[in-house]
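As structure tokens, the structure follows; a few thoughts come after it.
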Amino acid sequence: MDRYRDMQIFQALSRQPSLASAGRFLGISGPTVIRAIARLEARLRVPLVQRSPRGVRLTEAGVRFMADCSRILDGVSAAEASAKGAHAQAEGNLRVFFPFLFSRYVMAPLLADYLERYPGVRVFAHYHDHYPNLNEEGLDVAVVVGELPESSLIARPVGQVRNIVCASPGYLQNHGEPRQPEALKQHRLVATQAYSEWVQWDFQGSSIKARARLACTTVQGAINAAVQGAGLVRCLSYPLHEHLASGQLRRVLQAFEPPPLPVHVVYREGRNASMRVRSFVDFSVAALREHPAFHPPRA
């Protein structure tokens, strides 16, 4: 039983930024957490965590052990739920990961619908623009844009997005529409990074570097500026689909766009995934496949 409890403590630590926060999450003291990790490391004869002033992170061995712990603990939880007759219910905490801007343009209404359908699930949504490590970050499900590296994750495709260039109809009427990527150097360009004097945009077979007239801290700020006629912006198509559909923005240089990027919903356990994970994967895959953001954007 002590070994099982130690694994529970290790799982909680892997999902918290520090020993103290893991203890608070479990309702135990920090020294209790430390002793549990020390017992596991002594039994396995490998270090599982690295400590620093910034908190704790899993070692490579710790990441592998965390994946095994999750499968074992989830299996025990599923067995207990089945014995209680709750095997068909989705319940518990669910940690999900999305790229930035998914909240505003894609996921907010879908999350509301999911929570309405599955009242026993509590969702913790993380929004970042890096490739997530589900084991190390304690995530259950992630939406990933781009090619997937080799891994043991289960991936279900939902659609594609593109890097597109667009501007408001008013800007294009006043300044003309670029017909070649090189023509962008004669236009007002909106950068999606603050303090960036230059933009470098890749196209099929070429790349252009040009001076930006406006640099914004966020992609959302750059899109807003382009809608108001500040210039041409380039970003992924999913936050632009509403603006393109309404006519607030017009897509240009479509023939020169690089190949589309795949979008996947990824998770870890496959057939052994808990009901809450499977319910969210099935729900989000179906919803995202129907979402206009992942269909070819309008010109």
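Brief remarks follow.
- Relative to one another, the C-alpha centroids of region 111-189 and region 17-31 are positioned 34 Å apart.
- Protein-only accessible surface at a 1.4 angstrom probe places the residues T59, T192 in the order T192, T59, largest first.
- The chain - accessible surface per residue (Å², probe 1.4 Å): 52 Å²
- Spin-label pair R289/S18, simplified geometry with 7 Å Cα→Cβ offset, distance in nm: 4.5 nm
- In sequence order, calculated HN-Hα J values of region 155-172 (Karplus, 6.51, -1.76, 1.60; Hz; x Gly/Pro): 10, 10, x, 10, x, 9, 10, 10, 8, 10, 10, 8, 7, 6, x, x, 4, 5
- R268 long-range amide H proximity, modeled H, under 5 Å: I154
- In region 126-172, the GluC sites (Glu not before Pro) that fall in loop regions by DSSP, at most 16 other Cβ within 10 Å: E147, E150
- Exposure rule at most 15 other beta-carbon atoms within 10 Å, DSSP loop chymotrypsin sites (Phe, Trp or Tyr not before Pro): the chain longest free segment: 196-299
- Largest accessible area first, the listed residues R268, R289, R45 line up as R45, R289, R268 when surface is computed with a 1.4 Å probe on the assembled protein chains.
- At R0 = 41 Å, FRET efficiency that the Cβ-Cβ distance of S196 and R57 yields, to 0.05: 0.85
- Backbone HN-Hα couplings from phi across region 175-185 [Karplus 6.51/-1.76/1.60, Hz, Gly and Pro as x]: 10, x, 9, x, 9, 9, x, 4, 5, 4, 5
- Taking trypsin sites (Lys or Arg not before Pro) across region 129-202, the ones in a DSSP loop with at most 15 further Cβ atoms lying within 10 angstrom of their Cβ are R179.
- Note on the chain: with neighbouring protein chains present and a 1.4 Å probe, carbon and sulfur make up 50 percent of its accessible heavy-atom surface.
- The amide H of L232, built 1.01 Å from its N in the peptide plane, has R188, L189, V190 as neighbours under 5 Å, considering only residues 5 or more places off or on other chains.
- Dmax and Rg, reported as Rg then Dmax, of the chain (C-alpha, Å): 23.2, 73
The values are calculated or read from the model by the stated rules, or taken from the named source; none is laboratory data. Here the structure is a predicted model, which is why all the values come from computation and not from measurement. Methodologically, a virtual Cβ is constructed for each residue, glycine included, from the backbone with ideal geometry; neighbour enumeration extends over all protein chains shown. Keep in mind that these areas ignore ligands, DNA and RNA; they rest on the heavy atoms of the full protein, side chains included. Shrake-Rupley method; radii C 1.70, N 1.55, O 1.52, S 1.80 Å.
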